[in-house]
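Input: a single structure, listed below in structure tokens.
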Amino acid sequence: MLVLTRKLGEEIFIDDEIRIVIKEIKGKQVRVGIEAHSSVSVHRGEIYVTV
């Protein structure tokens with residue numbers, strides 16, 4: 001796992017096709033924007049947790 005520290009407005013790029021932007025930081029919550037081609041599925045982690 002790669003762990004990065006980013007500030008508000010900073011970006012992370014994955015394979016020149018996925019762009020991740022830190023949009024807002026409020027206390028312990030971070031809003032993240034993700035831009036990816038429509039063929040790439042983007043889901044929250046809790047979608048994959050089985051009960």
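Return the residues of the range 1-19 that are of a type in the set (K, R) and either in a strand (DSSP E or B) or within 15 Å of V42 (Cβ to Cβ) (or both); say none if nothing qualifies. Break it down into steps so the answer makes sense when it comes.
Taking the range 1-19 and keeping what is of a type in the set (K, R), we get 6-7, 19.
Across the range 1-19, the qualifying residue is only R19.
Pairs only if they're at least six apart or on different chains, beta carbon under 6 angstrom, first in the range 20-38 and outside any strand (DSSP E or B), second aliphatic (A, V, I, L, M); list them, first residue then second.
A36/I18; A36/V42
Just so you know, all these numbers are worked out from the coordinates, no wet-lab data involved. The model shown is predicted, which means the values in this text are computed figures rather than measured ones. All Cβ positions, glycine included, derive from the backbone under ideal geometry; neighbour counts span all protein chains shown.
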